[in-house]
Amino acid sequence: MHMADALLSPTIGGAMWAATAGTIAICARKVQRDLDDRKVPLMGVLGAFVFAAQMINFTIPATGSSGHLGGGMILAVLLGPCAAFLTIASVLTIQALFFADGGLLALGCNIFNLGFFPCFIAYPFVYRPLVGSNPTPMRIAVGAVLGGIVGLQLGALAVVAETVLSGISELPPAAFLAAMLPIHLGIGLVEGLVTAAVVSFIWKARPEILQYTIESRPLGHLRLQKVLIGLGAAALITGGALSWFASSNPDGLEWSMAKTSGKEELEAPPTAIHRLLAGLQEQTSFLPDYGFKDGGTEPEIAGESSSSWPAVDKGTSTAGLVGGGLTLALAVMIGLLFRKRKQTP
Amino acid sequence: MAKIESAFLDLTYLDRLATGDTVIHRLDPRVKVVIAALFVVCVVSFDKYAIAAMLPFAVLLMIIMGLGEIPAGYVITKLVVTSPFAVMVGIFNPLLDQQIVLHLGSWAISGGWVSFLSILLRFGLTVAAMLVLIATTGFNQVCMALERLGIPKIFAVQLLMLYRYIFVLLEEGQRMHRARALRSFQKRGMEMKQYAYLLGQLLLRTIDRGQRIHLAMLCRGFDGTIRIRQNLRITTRDIVVFLAGGMVLIVIRRFNIALLLGNFITDLLQ
């Protein structure tokens, strides 16, 4: 369920980056303030543990397919939400850089989808109330399974929302949702079962390890509402600003709206939403710059975008094909040239 | 199971590439990180039917890969291996967007196919850009660059710590996995219960390791603050490359070079 750069628009990608960066900053401050220096190496090795665990597969009963641990829930149980969020973010960063899971722009989305929901929603609001301060294997199992399902359903929902809002893919939201939610119900169930089994194993073998997070309040002094409002505002403002940049030639009204949204905090969310949607609409209805997909395109948007995009006619499409073909050939040639040069010395 | 071994190979292979000493390797990592980010943003900001306009970015990437001596075969293999999600979501475009936008002789191409190709191209360019960044820079350098560029220090430390212990834990996991495989004869798959026990054992060892590392750090004078050794220095060459690279990216994003080239050629032919 890794989101990919190819399906994201810069507006959505940037907004999710802002939300993720904000969460990382808040978590970093909280972890640093806790001054528990045992956590520094522990977060490092547990991240590596999740990494190794994801590389080992097991067969899912009755399906014949295989699965592995996602890790967000188990980290939250072992480290508490803030440290767990930083850890899962670091794991996803390495996966993006080395294994090309997702991409640089999609990293913001991926960290949010796979980290925020298990750490800040599923753990404090599902797992903790169910397990309480006196865990039993049964309670751990129920809490972990429900937590895993809630976390992954929200994550899948976010993937659909990000893809649809980006407008690169043509998938209708309802069909995409209908495909993603049931699949992730299964994945969440498996994630929950594995988490439950591992946590119960640890609880039986070394209960003192879990005692540490059981005693702490899940979010400490952090007020969740404040965090959520802050994140939402950050994402909307960035999204608004980016979509303003995305339109090549904003008219006076838009410009003034962007200006007010930067200055008046109370006005920011509605105007930012408007700008976000306007930017999206503009993106999805851009004239294709080769070919003649005529009709239906709003004239004012076409007028606005034509300043940076060449006019559309038959000649342009031929030129586009010829030029594109030549550029592609050039790329391949450069590759071959360097390869030869490397082999000869 | 080859997955854990192949992960190990990938990490060490990219690490080995990063020890190279080419024009690209010698650049300051901050310059490379920012240029890579700009590259990705430029590519994804194209409209959904763009193909020709994106190809100059492929040329640029090829030049960088050539200069950095990154084998194209490896990058292409990685692209193929990681493509399923983009392909699966993108493949619906041709089915849903059937408006004809282009005629090649008697062959009509619908908007969906154009946008599907565009998705694949975006995917290839963004993923390849990232692999090239890591293969010419190395992860530690990228982390230091990120720390200098302003990510929270504790997160930079977390990334460095994680990268250091990934190798250790992958080896540990690999050993346990192999031990189980050797003792289970013909039974090929692992069941969930065994998987959970295996992970539980691994987790206990991991936590113990974390405690040992903490004690070792305390012995060496760790006082709660983390210091990252910095030996990054920006030279004039870095600044020149940064400005030139940024300009090139903006120019090929702004002007459809492929189309201009095509216009030039077709004019010439007429």
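Read-outs: derived from the displayed coordinates by stated rules, not from any lab. Please read these numbers as outputs of a predicted model, since none were measured by experiment. Cβ sites come from the backbone with ideal geometry, for glycine too, and all protein chains shown count toward neighbours.
Compared with the dominant principal axis of the Cα atoms in chain B, helix B:72-82 is inclined by about 80°. For the listed peptides A:13-25, B:16-28, B:63-75, a ranking on the average number of other beta carbons within 10 Å per residue, highest first, reads A:13-25, B:63-75, B:16-28. Legend: mean number of C-beta atoms from other chains within 10 angstrom of residue C-beta atoms, peptide B:108-115, equals 2.
Working from label points 7 Å from Cα in the Cα-to-Cβ sense, the A:R29 to B:L260 distance is 4.6 nm. The calculated FRET efficiency for A:M333 paired with B:A179, based on their beta-carbon distance and R0 = 45 Å, is about 0.35.
Quick one: Cα centre-to-centre distance for segment B:214-270 and segment A:35-59, in angstrom? Each part reduced to its Cα centre gives a spacing of 31 Å. Counting Cβ atoms of other protein chains within 10 Å of each residue's Cβ and taking the mean over peptide B:78-89 gives 4.
Computed from label points 7 Å out along Cα-Cβ, the spacing between B:I234 and A:N134 is 6.1 nm. Modelled spin-label separation between A:D37 and B:R26, with each label point placed 7 Å from Cα along the Cα-to-Cβ direction: 4.0 nm.
For the peptide B:170-178, the mean number of other protein chain Cβ atoms found within 10 angstrom of a residue's Cβ is 3. For segment B:6-91, the square roots a ≥ b ≥ c of the C-alpha gyration tensor eigenvalues yield an a/c of 1.5 or more together with a/b not exceeding b/c, which makes the shape oblate.
How many angstrom lie between the C-alpha centres of segment B:67-99 and segment A:144-182? Taking the Cα centre of each part, segment B:67-99 and segment A:144-182 sit 21 Å apart. Remark: for residue pairs A:K39/B:K32; B:K32/B:K78; A:K204/B:K193; A:K30/A:K204; B:K78/B:K153, the C-alpha separation exceeds 23 Å in A:K39/B:K32; A:K30/A:K204; B:K78/B:K153. Subtracting the Cα-Cα distance of B:R212 and B:A244 from their residue separation scaled by 0.36 nm leaves 6.7 nm.
I need the shape label for segment B:182-270. Rule: rounded when a/c is under 1.5, else prolate if a/b > b/c, else oblate, with a, b, c from the alpha carbon gyration tensor. Cα axes put segment B:182-270 in the oblate bin.
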